[in-house]
Ligand SMILES: [Fe+2]
């Protein structure tokens, strides 16, 4: 296993803001419907921008509560052990929640409706993805981000790309649909430089796996399945970025405030992002098989394969 990067303890303070830099990864969209009427040309542009690592931002695409559902903005329905209330794709009940049987049933209805809306949005905008996509988890996060005591590795107020220690993706992409359901407070993110620039700085500091490591980690239930070199390198990139406070403060980046009622779509395994402040949001994850991606320049798999001189999608 590679040595852990030096551990930094303080939350970084960015020294640049959008107004100072030229980085602008936010692409505002006019659509206000979860099944948007976009032309083929508009859809092609959206797909190109998404696959290049931009944020597709829908300021008018609001997810509506049904009467009574506003009560779930309160964090008391969280069970206190997990930061999210979540729903797995094939489950019929939420996890991480507490409340009466009626509350739990209503939470399921709310979160399931968000999952259906998000999937409809992706299917409508990106019909080419439909044969390659799998619905994954949906979550309701009813707690303030700022001030949460977490270890540096779990500190999502530091710029990072998403990667999971125990759940190797084997090249599957992480497409995520976020929504700010807080009625008053913005969701504040920082987003950083393109993945290719990020990789140039950190991939040379990553290591491959030693022989037998992937099989051993699976045997010991450290991972759910054999970890691929792709996952191994992506996980190190996640950790190296979070541990490097100088990088956090000085990398080209922009801060963006997603207002109440806004929706945004990103590849969270590609976009450098940090969630700084915000009280309540919903999120849908969709796994996308690697062959769905038409851009062979900007994806993490393409960048890593190019830099390391061999294909990444063999375990
Ligand atoms: Fe993240």
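Summary of computed values
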item	result
Residues of the stretch 137-160 classified as surrounded by 14 or more Cβ atoms within 10 Å (Cβ to Cβ), within 14 Å of the ligand (Cβ to nearest atom) and closer than 28 Å to residue 71 by Cβ, total	6
Test: residue in the stretch 58-67 that is over 18 Å from residue 118 (Cα atoms) and either in contact with a helix residue (DSSP H, G or I) (Cβ under 9 Å, 6 or more places away or on another chain) or in contact (Cβ under 8 Å) with a residue 24 or more places away in the chain (or both)	no
Within the stretch 200-234, tally of residues that are under 18 Å from residue 274 (Cα atoms) and surrounded by 20 or more Cβ atoms within 10 Å (Cβ to Cβ)	1
Top-ranked residue in the stretch 162-198 [being assigned to a loop (DSSP other than H, G, I, E, B) and buried (at least 24 other Cβ atoms within 10 Å of the Cβ); ranked as farthest from the chain's Cα centre (by Cα)]	181
Segments classed as helices (runs of 4 or more DSSP H), wholly inside the stretch 206-315, with at least 1 members that are away from the ligand (no atom under 15 Å from the Cβ) and free of Cβ contacts under 8 Å to residues at least 12 places away in the same chain	213-219, 245-250, 300-308
The lone exception for residue 84 - which of (1) surrounded by 13 or more Cβ atoms within 10 Å (Cβ to Cβ); (2) under 27 Å from residue 142 (Cα atoms); (3) out of contact with any strand residue (DSSP E or B) (no Cβ under 9 Å at 6 or more places or on another chain) it fails	(3)
Number of the condition not met by residue 183 [criteria: (1) within 16 Å of the ligand (Cβ to nearest atom); (2) within 24 Å of residue 72 (Cβ to Cβ)]	(1)
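Bear in mind that the values in this text are calculations on the coordinates, not laboratory data. Quick caveat, the model's predicted, so the values are computed rather than measured. Every residue, glycine among them, receives a Cβ derived from its backbone with ideal geometry; neighbour counts consider all protein chains shown.
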